[in-house]
Structures are given as structure tokens and as C-alpha cells.
Amino acid sequence: MKHVKVLIIGSGPAGYTAAIYASRANLQPLLIEGNLPGGQLTTTTDVENFPGYPQGVNGFDMMEDLRSQATRFGTEIVMGEVTKIDSSVRPFCVFVDGEQRYFADTIIYATGSSAKYLGLPEEEKYRGVGLSACATCDGFFFRDKVVAVVGGGDTACEEASYLASICKKVYLIVRKPYLRASKSMQQRVAENDKIEILFENQVVALHGETKLQTIDVRFSNENEVRSLEVDGIFMAIGHTPNVDLIKDFVELDEQGYIRVNSPMTTTNVPGFFAAGDVSDPHYRQAINAAASGCRAAMDAERYLNK
Ligand code: NDP
């Protein structure tokens, strides 16, 4: 089994930045990409708020740049999914795709977070046939159709704007009487004729024979339910941190994110560091994820030098 000083799990801005710093510190890191190489930014449209890109940058291109920057300094990148971490031994023993593969002196855990769904019983039935959590990935399939986006944050507004450029009409379904999104996002949505915002509405059921055809929405606390004809529905109601692998031995906070000794990236497990959205319930921005990846690499280096 290969033995590494630094093993990074996750390939979003946090993981790649940790890899850039660790490889430049001559720690020969190994990065395991996971099942969504490049992380959530590869499913977004243009990133306009990452410093250094005055014209914005496509999320996928940005992650490709980060990846090649990491490999340029010697990071080894491995395809596959980590399926188990044995934390009872030192070095840590890391299993990839079910096989015991690596010994690691330190682990930088940067697995990000995953989209939330409403929890309606019919959701499973319509996944891939009308229900999605990624407009950039699936919007193409709804050209000139009618879709709904659920949520009132930046993601929902961004997805609604993007879908309005493809679809005939977009309902933005917001459970509160106001949007939580930033002012510029709110303005973008308000100025778009194709977007109709339904405030104080909740989606309560999905219907359709083989694919989604209608959704039931309920206004405020009224009992009456209105049916809307839609071909697709996009969930944009936030994310859950990806902690399944480590939740039995790493301490989490009340919201289920990894608890770090901020501003450091140390956790309750010596040698185990967390970076990016998996430990950030507040900001959840690429720039913060990248910054915490940098800190994690420096924390791991200090730990190894002790
Ligand atoms: P947020 O947590 O900000 O917003 C989630 C939205 O979903 C809220 O409106 C919330 O409603 C609603 N919601 C949650 N659960 C339900 C439910 N069960 N039913 C109906 N509605 C629900 O998540 P985002 O993904 O939008 O954003 C996360 C972070 O990423 C934020 O910090 C955001 O600023 C940032 N971001 C920035 C972007 C950019 O700058 N380009 C793009 C995308 C995200 P309620 O308000 O009632 O809680």
C-alpha cells in the first residue's frame, strides 16, 4: 500500500488549493477526486465574484485551471471515491472504491456539500424525468418549456435567470414573502419578464404519468392547493455537508458541518483537517473554500513538522 504524507479528499476549490500549497511545500500530496470531479462549481454557470476574473469565468474552466496548477507542482490525482477511512490506526488507512489503498499521515477532508430536496415522496420517481437540482446540467432538456425553481436564495435566482434564457417560462417558488438572495440577484430576477415569482408558496406534490407534468403549490397557510403545469422542477433550497464517511469519528456542529477550530482547520482528530463547504455553514463561497484549503495545507505541514 502506498504511504503518503498528505491525502486530500475532494476536488473543489478547497481540495485543489490545499493540493497547490501542499505540493509547493514538497509534501507530495495525493488527491482523490471523488464522484464529482471539480466539485459544485462545475455545475454552475459563470463565476463572477472570484477575484482575478474581471469578465467572470466558467466554473468548469476555473476548476480545470486549479487542477492543472495542482498537478504542475506534483500533486498526484487519483480517480475514484473514498469508501472508508480507518481512523483507529496511524497512519490513517484509506479505502478507495472498496479497496484498502493508502496510508496517510494526514488527511485534508474537502468533500463539499450536496443539494437538498424537499423530501416529497414522489421525488424519487421524477429524478431525471423532470426533477433536478442543477440547471446548468439539465436546463438544456427544457428548451422552450415551462419550469419551476424552488428557493429564494442566490442559487435559486441564479438558476431561474439561467433557465429563463432557455425556457419559455420560469416560476420561482419562494416560501417566504421575500427573497434571501443578494440585491443584484434579486434585481436580475425582477427584471426578467420570463420569471414569475410566487412568494409565500410551497410545493406540496408532484404529478405525471411517466414524467413530471404538474406540481401542486399551496399559498401561505391556506388549505387550497393550486396546480401548475410544468415540465421540470429545479430544487435550489440549499445543501447538506458530505460527512457520511467521517461522522462517526469527527465532531460535527449542530447543523452537521465538521467543527473546526477556526481560523485553523484542525478538528477533534489529530492529523485530520477539514476545508471548504463541508466545514463552512456560513459563507459557502468558492473564495472561502480556496482560502481554507490553503490553511489546511499549512496546518497539515505544521502538524507533520512537529
Ligand atoms: P440558501 O441557504 O442561501 O437559500 C436557500 C433557500 O431555499 C432559501 O430561500 C430558503 O428559504 C429556501 N428553502 C430551504 N428549505 C426549503 C424548503 N424545505 N422549502 C422551500 N424553500 C426552502 O442557499 P443557496 O444555495 O441559495 O446559497 C448558499 C450560499 O451560496 C449563500 O451564501 C449564497 O449567497 C451563496 N451563493 C452565491 C452565488 C453567487 O454569488 N454567484 C450563487 C449561489 C450561491 P428561507 O429563506 O425561508 O430559509
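Just so you know, all these numbers are worked out from the coordinates, no wet-lab data involved. No experiment lies behind these values; they were computed from the predicted model shown. When we count neighbours, we look across all protein chains shown, and the Cβ atoms used for this are built from the backbone with ideal geometry, even at glycine.
Looking at the stretch 181-229, the trypsin sites (Lys or Arg not before Pro) that sit in a DSSP loop and have at most 13 other Cβ atoms within 10 Å of their own Cβ are LYS211.
Taking all Cα-Cα distances within the stretch 80-120, those exceeding 11 Å account for 69%.
Inter-label distance, GLU222 to TYR178: 2.3 nm, where each label sits 7 Å from its Cα along the C-beta direction. Take each peptide in 18-30, 75-87, count the other Cβ atoms within 10 Å of every residue, and average; sorted highest first, the result is 18-30, 75-87. Reported value for the stretch 181-229: 103 Å³ per residue, from the convex hull of its C-alpha atoms.
Where both bridge residues fall in the chain, DSSP classifies roughly 45% of the beta bridges as antiparallel.
Computed from label points 7 Å out along Cα-Cβ, the spacing between GLU200 and ARG143 is 4.0 nm. Here the extension length gained between ARG302 and SER114 equals 64.6 nm, from 0.36 nm per residue of separation less the Cα-Cα distance. Stretching the chain fully between ASP244 and ASP61 yields a gain of 63.0 nm (0.36 nm per residue, less the alpha carbon separation).
Centre-to-centre, using Cα atoms only, the stretch 102-139 and the stretch 142-203 are separated by 20 Å.
Counted over all Cα-Cα pairs of the stretch 117-235, pairs farther apart than 24 Å make up 18 percent. Only alpha carbons enter this Debye calculation for the stretch 171-306, each as an equal point scatterer, and the log10 of I(q)/I(0) it gives at q = 0.14 Å⁻¹ is -0.82. Residues SER292, SER227 in ascending order of nearby Cβ atoms (within 10 Å, fewest first): SER227, SER292. Computed from the C-beta positions of MET264 and ARG127, the FRET efficiency with R₀ = 45 Å rounds to 0.70. The spread of Cα positions in the chain, taken along each principal axis and listed from longest to shortest, comes to 63, 41, 32 Å. Residues in the stretch 116-129 carry Karplus couplings, in order, of 8, 10, 6, x, 6, x, 7, 4, 4, 4, 9, 4, x, 10 Hz; the curve used is 6.51 cos²θ - 1.76 cosθ + 1.60 with θ = phi - 60°, and Gly or Pro positions show x. Within the stretch 1-42, find all residues whose amide N lies under 14 Å from a label point positioned 7 Å from the Cα of GLN100 along Cα-to-beta-carbon. Counting only backbone N, you get 1-3. For the stretch 148-227, the set of chymotrypsin sites (Phe, Trp or Tyr not before Pro) satisfying both a DSSP loop assignment and a count of at most 12 other C-beta atoms within 10 Å is given as TYR178. Normalised by 2.2 N^0.38 Å, where N is the number of residues, the C-alpha radius of gyration of the stretch 1-141 stands at 1.20. Of the GluC sites (Glu not before Pro) in the stretch 210-306, which ones lie in a loop per DSSP and count no more than 11 other C-beta atoms within 10 Å? Answer by residue number: GLU222, GLU224, GLU254. Using θ = phi - 60° in the Karplus curve 6.51 cos²θ - 1.76 cosθ + 1.60, the 3J(HN,Hα) couplings for the stretch 281-286 round to x, 9, 9, 6, 10, 4 Hz; x is entered for Gly and Pro.
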